[in-house]
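The values are calculated or read from the model by the stated rules, or taken from the named source; none is laboratory data. Remember, predicted model here, so these are calculated numbers, not experimental data. No Cβ is skipped: glycine too gets one built from the backbone with ideal geometry, and neighbour counts run over all protein chains shown. Surface accessibility is based on the protein's heavy atoms, side chains included, excluding ligands, DNA and RNA. Shrake-Rupley method; radii C 1.70, N 1.55, O 1.52, S 1.80 Å.
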Amino acid sequence: EATNFTTIGNLTYPGGKIFDWPIMQGDIAYVPLSQMPTNIQNMWTYNPTQAQQMLSSAGYPNGFSLTINIDSTQATQQDVAQLLVNQWAKVGIKASINSVDPTVLENAGDALNYDVMYFHMGPSNFINESNRVLSTAIGSTYVNDKIFDTMWWTMDRDADPSQRVVDEKALAAAMLDDAGWLPMADQAADNYFWPWMKNYYQEIETGYEDKMPMISR
């Protein structure tokens, strides 16, 4: 509620999807924000007054300080980080920006040595994104969370496609509610091609980052 996702999205990626993680639009398990539980909808509703009250209730009436680590080679990260500094200051969070080399940033992430880390997340593969809450996964920030582990393995081992979609929706909602991540807008892209091309369905690539055009067919 201290973060204005819509404003940040419109300024950095005009036309990009605001609510598109950890399951992207087009996936059968995607649930739009309007159908999410009220607590998650509130997280995407900019309300600094309510955010201040939440901080006070959590024991931080005067806010607190933190550092946002960003990639020095990515101009957009600098822009987004500055917007976050300005927005969070309104609720008493004093944020500073630490712009470092990509290798340094990655090492800090691997060592879990950061307050806030800005990094890319690819929502086209929910199994990969949901790995972030699996305690045994490489790079996971969760050393031991039995609830997430149970939900993840239930989803992974479910042989019933219909039930697996239910599992995915439940895990995605739990991840958003946990607020371990603040997913920003997805980048919008135009894809042009010759109109006489055959057997082309507007995919940019059919690998790790863009499986959905292929999967949907």
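Looking at the stretch 10-19, can you tell me whether even one residue there is among the β-branched types (Val, Ile, Thr) and either touching a Lys or Arg at 6+ places or on another chain (Cβ under 8 Å) or under 15 Å from Ala179 (Cα atoms) (or both)?
no
Based on this model, can you work out whether Ala188 counts as touching a residue at least 60 places away in the same chain (Cβ under 8 Å), assigned to a helix (DSSP H, G or I) and under 30 Å from Pro14 (Cα atoms)? Break it down stepwise before answering.
Working: touching a residue at least 60 places away in the same chain (Cβ under 8 Å): yes; assigned to a helix (DSSP H, G or I): no; under 30 Å from Pro14 (Cα atoms): yes.
So Ala188 does not fit the description; no.
Give the stretch 104-131 a look and list any residue that's among the charged types (D, E, K, R) and in contact (Cβ under 8 Å) with a residue 60 or more places away in the chain, or say none. Working first, answer last.
Taking the stretch 104-131 first, the residues among the charged types (D, E, K, R) are 106, 110, 115, 129.
Correct list: Glu129 only.
Of all residues in the stretch 34-52 being of a type in the set (Val, Ile, Thr) and under 18 Å from Ala170 (Cα atoms), which is surrounded by the most Cβ atoms within 10 Å (Cβ to Cβ)?
Within the stretch 34-52, the first condition is being of a type in the set (Val, Ile, Thr), and the residues that meet it are 38, 40, 45, 49.
Pick out the ones that are also under 18 Å from Ala170 (Cα atoms) and you get 38, 40.
On the way: Thr38: 8, Ile40: 19.
Among residues in the stretch 34-52 that are of a type in the set (Val, Ile, Thr) and under 18 Å from Ala170 (Cα atoms), the one surrounded by the most Cβ atoms within 10 Å (Cβ to Cβ) is Ile40.
Could you tell me how many of the residues in the stretch 131-150 are at pLDDT 90 or above and either open to solvent by 50 Å² or more (accessible area, probe 1.4 Å) or of a type in the set (S, T, N, Q) (or both)?
The qualifying residues number 3.
For residues that are loosely packed, with under 14 Cβ neighbours inside 10 Å and part of a helix (DSSP H, G or I), scanning just the stretch 55-78, find the one that is modelled with the highest pLDDT.
Looking at residues that are loosely packed, with under 14 Cβ neighbours inside 10 Å and part of a helix (DSSP H, G or I), I get Ser57.
Has the stretch 145-158 got any residue that is farther than 30 Å from Pro14 by Cβ, out of contact with any helix residue (DSSP H, G or I) (no Cβ under 7 Å at 6 or more places or on another chain) and among the aliphatic types (A, V, I, L, M)?
Applying the first criterion (farther than 30 Å from Pro14 by Cβ) to the stretch 145-158 yields 145-158.
From what is left, the residues that are out of contact with any helix residue (DSSP H, G or I) (no Cβ under 7 Å at 6 or more places or on another chain) are 146-147, 149-150, 153, 156-157.
Next, only the ones that are among the aliphatic types (A, V, I, L, M) stay: 147.
Yes, there is a match, as at least one residue in the stretch 145-158 is farther than 30 Å from Pro14 by Cβ, out of contact with any helix residue (DSSP H, G or I) (no Cβ under 7 Å at 6 or more places or on another chain) and among the aliphatic types (A, V, I, L, M).
Working only within the stretch 179-213, note down all residues that are modelled with pLDDT of 70 or more, surrounded by 11 or more Cβ atoms within 10 Å (Cβ to Cβ) and of a type in the set (A, V, I, L, M).
Within the stretch 179-213, Leu182, Met184, Ala185, Ala188 qualify.
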